[in-house]
Amino acid sequence: MTILVCVTAGVPAATLAARGTAPRSGTGRFTLPTDQLGRHDAAAVASAVGLAADREDVVAVSVGGQAADAGLRIALAQGCGRAIRVDRSDDLDGPTVAELLAGVVGTLPGPVTVVTGVRGSAWETGQVPGLLACRLGVVYLAGVTGVDATGDGLAGHWRSAAGDAEATAPRAAVVSVARTAGNRPTVPSLHATVGAFEPDIDVVAPAATSEVPVATLIGSRVPDPARQPVRFGVGELDQAASAVATRLLHHYVGH
Amino acid sequence: MSGCTFVVFPGSNLARAATTAAALPGPVDVVVVGRTADAVRSAWQGGGSLHLVGDSDREFADLPAVVAVIRELAGATVVLPADGTGATAAPALAWELGAALLTDCVAVAGTQDDRRWTRRRAGSDVLDDYRLPAGPAVVTVAGEFAGAPTGTEPNLVPHDGTNTPSTYDGWRPPNPVGPPAIADAELLVGIGRGVADLAAGSYQRLAALFGAEIAATRQAIEWQLATADRKLGDTGLRVAPRTYLTLGVSGANQHMSGIWGNCSIIAVNHNPHAAVFDVADIGVVADAADFLPVLRKELEVRLGVSTE
Ligand SMILES: Cc1cc2nc3c(=O)[nH]c(=O)nc-3n(C[C@H](O)[C@H](O)[C@H](O)COP(=O)(O)OP(=O)(O)OC[C@H]3O[C@@H](n4cnc5c(N)ncnc54)[C@H](O)[C@@H]3O)c2cc1C
Ligand SMILES: Nc1ncnc2c1ncn2[C@@H]1O[C@H](COP(=O)(O)O)[C@@H](O)[C@H]1O
């Protein structure tokens with residue numbers, strides 16, 4: 001029995017340049033600050049660790065280049081037993097990541113519970129967990145706020161002001177976790193953080209992936225002028241009211 | 001193969017889906033999953049051909065039957081609303097159809113032979129245009145996809161559901177609990193502690209004018225300006241309206257995290273340094289008490305109504 005928690009890799013510099021987002025810190029090559037996981041990924045790690053009776057059962061995995069090690073070290077500090085990095089540093093689409101992650105699942109003693117964030121920190125497409133569940137042919141519990149181990153299965157929870165819900169699944173399942181106030185991960189102790197730099201990360205070569213049809217990026221632009229932020233001051237209430245009314249009534253028939 | 005097949009699973013709002021369908025490049029076939037003909041007739045203002053698949057309210061139990069209907073209809077592009085249910089179903093449909101997958105599109109342009117789908121980059125203002133590959137494709141849409149439904153009666157075409165269990169039977173989308181009205185609202189007015197001193201009923205009247213629901217910050221709820229079931233944010237609801245007008249809201253992350261998808265944000269706050277202006281498309285630096293009457297007048301003129 002294994003719990004595999006997937007954490008998003010940093011984004012290669014070329015992608016960042018194309019995206020028009022400046023890197024935040026570190027070597028200047030990657031977007032993930034070395035001290036931080038994506039918010040949903042962090043909740044995923046906390047949920048995965050909470051699921052396991054024995055920390056050795058929890059494996060963190062990331063598909064990415066060397067920069068992904070930072071995220072994996074944080075996962076180790078948060079209580080994962082070991083870490084695997086699938087060494088692919090090029091720009092990855094959701095289907096390819098899902099295929100490579102499915103390859104890792106196949107190497108682990110089953111049943112494998114895969115825990116992911118509901119959205120990653122790279123492209124935020126939310127595609128990976130669903131595609132992974134399809135590849136593995138298992139149940140997908142999307143966007144839970146918590147998950148528990150039951151006798152021989154799992155119970156996913158959704159807690160919100162709208163009400164609580166629960167759904168069960170077999171152990172072999174994909175669970176994506178949405179970070180909320182209720183499942184905020186604890187900050188690892190200094191001891192745990194230092195300790196997390198000791199274990200080796202298993203770097204595995206990526207298996208050959210199949211060609212999947214993907215949409216091609218044909219161009220990028222700044223948003224249409226209506227979406228440019230505009231600001232009105234106290235002396236401009238009429239102009240402000242006009243702009244706000246136009247936006248509010250945008251979806252009305254006849255406007 | 002041309003046009004779109006628009007698929008609406010049980011968790012998505014049907015009335016809103018009708019406006020989305022009206023904004024898609026035609027011809028559009030609609031597949032509605034897990035609803036009775038009566039339920040569809042009462043919520044769907046949109047005309048066109050509606051294919052009803054299955055009557056199970058278990059979210060994805062009928063997914064294999066949906067795939068069969070999609071194949072039959074042979075539209076070039078399968079489209080789903082980019083809400084929790086659509087986002088969960090989209091990868092499954094892409095997988096079953098061997099299709100490309102593009103999520104969270106906010107606009108589409110171009111002709112049938114040269115169509116561009118637009119997606120907003122995560123964490124940035126830049127819009128990226130994509131071309132779908134020649135084969136089948138699955139796209140989820142949000143934001144500006146809102147057309148005017150024709151108001152005519154749809155032509156309902158029933159199809160059988162799935163009798164054999166599938167993996168998808170166990171799939172669950174986020175937040176499957178019956179949500180309050182604000183979870184589905186297209187227009188939301190968010191109130192913060194800053195409206196505490198406003199004349200009674202002023203923002204409610206404004207919201208009613210353009211059919212918006214009221215949402216609130218934690219502070220506003222603590223000040224008993226709204227009930228707790230209207231709270232957005234980390235400890236409240238996550239919603240995806242098309243437009244969010246905030247009044248006297250500071251814009252704390254814990255609150256703004258409740259807004260997702262591509263939503264235009266309008267902020268009214270008398271503090272020019274309020275964090276909410278960092279995310280607002282339109283910012284109005286003014287006392288809400290001064291601005292609301294002006295805005296209400298403007299809306300009344302445009303709508304040809306009066307609330308006095
Ligand atoms: C663990 C945790 C979880 C939380 N979860 C949530 C959550 O889920 N949802 C949530 O909403 N909050 C949450 N909060 C609280 C959040 O951090 C903010 O405190 C809260 O959102 C602020 O509410 P506010 O904007 O109404 O109030 P304030 O921060 O007090 O802001 C009021 C704003 O109104 C402006 N203002 C005042 N008078 C006027 C006027 N006459 N005209 C115009 N503007 C005016 C002020 O300039 C100010 O910017 C959480 C906090 C914590 C610590
Ligand atoms: N390169 C990756 N390596 C490992 N896990 C990933 C990777 N990309 C995405 N994931 C997982 O999939 C989730 C959703 O990501 P996305 O589909 O990219 O929004 C993330 O929160 C991660 O748990």
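Some notes on this structure:
- Judged by the ratio a/c of the largest to the smallest principal axis of the C-alpha gyration tensor, region B:256-308 counts as oblate, that ratio being 1.5 or greater while a/b is no larger than b/c.
- Using alpha-carbon coordinates, inclination of helix B:84-97 to the longest axis of chain B, degrees: 20 degrees
- Residue B:229 sits with roughly 70 Å² accessible to a 1.4 Å probe, with DNA, RNA and ligands left out of the calculation.
- Dividing the Cα radius of gyration of chain B by 2.2 N^0.38 Å, with N the residue count, gives 1.06.
- The distance between label points at residue B:148 and residue A:220 comes to 3.7 nm (points 7 Å beyond Cα on the Cα→Cβ vector).
- When B:223, B:260, B:95, B:117 are compared by accessible area at a 1.4 angstrom probe, the order from most to least is B:223, B:95, B:260, B:117.
- Gyration tensor verdict on region A:85-159 (Cα atoms; rounded if a/c is under 1.5, prolate if a/b is larger than b/c, oblate otherwise): oblate
- One decimal place: the segment residue A:239-residue A:205 gains 6.3 nm when fully extended, by the rule 0.36 nm per residue minus the C-alpha distance.
- Buried area at the A:B interface is about 6400 square angstrom, summed over both chains, from accessible surfaces computed with a 1.4 angstrom probe.
- Cα-based shape type of region B:58-108, given that a ≥ b ≥ c are square roots of the gyration tensor eigenvalues and the cut on a/c is 1.5: oblate
- Estimated FRET transfer efficiency when R0 is 60 angstrom, pair residue B:204-residue B:164 (beta carbons, to 0.05): 0.75
- Within the protein assembly as shown, the proportion of Cα pairs with more than 38 Å between them is 29 percent.
- Once the Cβ-Cβ distance of residue A:54 and residue B:254 is raised to the sixth power relative to R0 = 41 Å, the FRET efficiency obtained is 0.75.
- The base-10 log of I(q)/I(0) for region B:12-107, evaluated at q = 0.11 Å⁻¹, reads -0.29 [Debye formula, identical scatterers on Cα atoms, solvent excluded].
- Scanning residues 5 or more positions from residue B:246 or on other chains, those with amide H under 5 Å from its amide H are B:190, B:266, B:267, B:268, with H placed 1.01 Å from N in the peptide plane.
- Protein-only accessible surface order, largest first, of A:244, A:187, A:212, B:305 at 1.4 Å: A:187, B:305, A:212, A:244
- Taking every DSSP bridge with both residues inside region B:125-244, close to 0 percent are antiparallel.
- The residue B:224 and residue B:197 beta-carbon pair, evaluated with R₀ = 22 Å, returns a calculated FRET efficiency of approximately 0.95.
The values are calculated or read from the model by the stated rules, or taken from the named source; none is laboratory data. Please read all numbers here as calculations on a predicted model, not as lab measurements. Cβ atoms come from the backbone with ideal geometry, glycine included; neighbour counts cover every protein chain shown. These accessible areas exclude ligands, DNA and RNA; they are computed on the full protein's heavy atoms, side chains included. Shrake-Rupley method; radii C 1.70, N 1.55, O 1.52, S 1.80 Å.
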